[in-house]
1. Looking only at region C:51-104, which residues are touching a Lys or Arg at 6+ places or on another chain (Cβ under 6 Å) and farther than 25 Å from B:I3 by Cα?
2. I'd like the residue in region C:129-147 that is more than 10 Å from every other protein chain (Cβ to nearest Cβ) and not charged (D, E, K, R) and, out of all such residues, is nearest to the chain's Cα centre (by Cα).
3. State all residues of region B:31-53 that are in contact with a helix residue (DSSP H, G or I) (Cβ under 8 Å, 6 or more places away or on another chain) and in contact (Cβ under 8 Å) with a residue 24 or more places away in the chain; if no residue qualifies, say none.
4. Among the residues of region D:31-50, how many are in contact with a Lys or Arg (Cβ under 9 Å, 6 or more places away or on another chain), over 16 Å from A:G74 (Cα atoms) and of a type outside the set (S, T, Y)?
5. So C:I126 ticks every box in (1) within 14 Å of chain B (Cβ to nearest Cβ); (2) in a strand (DSSP E or B) but one. Which box is left unticked?
6. Restricting the search to region D:94-122, which residues are hydrophobic (A, V, I, L, M, F, W, C) and either without any contact (Cβ under 8 Å) to a residue 60 or more places away in the chain or within 8 Å of another protein chain (Cβ to nearest Cβ) (or both)?
7. For region D:18-71, how many residues meet the condition of being in contact (Cβ under 8 Å) with a residue 40 or more places away in the chain, in a helix (DSSP H, G or I) and among the aliphatic types (A, V, I, L, M)?
8. In region A:54-75, what count of residues is obtained for those that are out of contact with any Leu (no Cβ under 8 Å at 6 or more places or on another chain), aliphatic (A, V, I, L, M) and either more than 8 Å from every other protein chain (Cβ to nearest Cβ) or free of Cβ contacts under 8 Å to residues at least 24 places away in the same chain (or both)?
Amino acid sequence: MKILAFGKIAEILQKDEMELSGPEDTLALRKRLEIDFPALQGMDFKIAVNKKIASENFRLNKEAEIALLPPFSGG
Amino acid sequence: MKILAFGKIAEILQKDEMELSGPEDTLALRKRLEIDFPALQGMDFKIAVNKKIASENFRLNKEAEIALLPPFSGG
Amino acid sequence: MDFFSRSIKMIAQLIFIKGSVGSELIAKEIINFSTMKQVGAHSIFIGQVRNDLIGGDAVQAIEYTAYEEMAKEKASEIIRTASGEFQLEEAKILHSIGKVKAGEICLFVIAVSKHRKGAIHGCEQIVERLKQELPIWGKEIFSDDSHQWKVNR
Amino acid sequence: MDFFSRSIKMIAQLIFIKGSVGSELIAKEIINFSTMKQVGAHSIFIGQVRNDLIGGDAVQAIEYTAYEEMAKEKASEIIRTASGEFQLEEAKILHSIGKVKAGEICLFVIAVSKHRKGAIHGCEQIVERLKQELPIWGKEIFSDDSHQWKVNR
């Protein structure tokens, strides 16, 4: 699945896009990311699936567009 | 004293300025105007003395600038 | 805001514009206000003459008259109160005098503040109070040249 | 408002502008909106980058990034909700993307309605929700090129 990263998270990941396979829901994805990128631990961010904010255990499929969203600060 | 009339009242009086002597407070002024211009009877209007809305029995002096103000409708 | 800057501001807080308030003038005001670097939020209200149907006939224009000196004094008081309550850095009102056709702009209010809530609520209070408290009258003119006096709700 | 006009409106309710939102563009938008004769009230919010002091250093610029497709979808939902609740005839958001210097404009919101209360409260709701709900991020840049991520309150 394709994962987009924004704002402070893109900075931590040092990229704004990556491929990942495995996690079957957003909770598993979050745990996996925190292992790969320890700086994400304790960070406040939301996960969007196909451009909608997803609940904590939202099931993922391989075609989903995932996005990691730190707190918004537009305007 | 000088009396300014605005809006619908200027229309009724067919003038926007006039001189009047006599009434010693705004209540007396209102009664006098209603006699001279019966169309004012029962009309909702305020009286300003020197550009401030005056209470019903505000004392008048000869130098005062009096204004007859129907309900405002700016904007 | 100290007393001195506040008294300077009182000079031109309500300006009467002969006829409609042109879009170019509005653009100029916005550009002027946006040169203030310490300011973060501008809230603007624009009022336009609507071609309302009243008893089957559409309003063609509104002709505004005002007790100009009193209106300016009252506008200063309204802006001063809002500035204190909502931490406005500055505020201004442009209002038409004379005839304004349907579709044209008759009112422009701007309030600027460091923060959005101050600007938005300050502008709103100025708009609400000016409709209720400024000695300005609108005469609604219909296509057959008949008229009626506008009533603010 | 029928379904057809509502779906047309959804096409361009949030527009991202590269760099600052210029005063000329704002003037153009205001002129466009003011051609609607059935409309009586326009409420506008303009956001400007403040040169805030943070830890002794002033913000020189904010660099905005966004998840643009999601932001546009969400903006349409926000505007649709406000349009229903406040009888807006139309509404639009312009937001900067990329770098905007202190003193420059980064946000323009306009909401138009027949009546002032609808326009004012509709515009306010759109501004409040967009700050909370649109996936847009501001990076505050200081004079020594250091930065920190903006936080919305």
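The values are calculated or read from the model by the stated rules, or taken from the named source; none is laboratory data. The structure displayed is predicted, hence computed values, not measured ones. All Cβ positions, even for glycine, are placed from backbone atoms using ideal geometry, and neighbour counts span all protein chains on display.
1. Residues satisfying the conditions are C:N51, C:A61, C:I78, C:A102, C:G103.
2. To start, the set of residues in region C:129-147 that are more than 10 Å from every other protein chain (Cβ to nearest Cβ) comprises C:129, C:141-146.
Subset that is not charged (D, E, K, R): C:141-143, C:146.
Numbers: C:I141: 21, C:F142: 24, C:S143: 26, C:S146: 27 Å.
Checked region C:129-147; the qualifying residue nearest to the chain's Cα centre (by Cα) is C:I141.
3. B:L33, B:F37, B:A39, B:L40, B:M43, B:F45, listed by residue number.
4. Step one: filter region D:31-50 for residues in contact with a Lys or Arg (Cβ under 9 Å, 6 or more places away or on another chain), giving D:33, D:37-41, D:43, D:45, D:47-50.
Those left that are additionally over 16 Å from A:G74 (Cα atoms): D:33, D:37-41, D:43.
Then drop every residue that is not of a type outside the set (S, T, Y), which leaves D:33, D:37-41.
So the count comes out to 6.
5. Just one mismatch for C:I126, condition (2).
6. First pass over region D:94-122, keeping only residues hydrophobic (A, V, I, L, M, F, W, C): D:94, D:97, D:100, D:102, D:105-112, D:119-120.
Hits for region D:94-122 are D:A102, D:I105, D:C106, D:L107, D:A119, D:I120.
7. Qualifying residue count for the region: 5.
8. We begin by selecting, within region A:54-75, every residue out of contact with any Leu (no Cβ under 8 Å at 6 or more places or on another chain); these are A:54-55, A:58-59, A:61-64, A:69-71, A:73.
Filter once more, keeping what is aliphatic (A, V, I, L, M): A:54, A:64, A:69.
Those left that are additionally either more than 8 Å from every other protein chain (Cβ to nearest Cβ) or free of Cβ contacts under 8 Å to residues at least 24 places away in the same chain (or both): A:54, A:64.
Count: 2.
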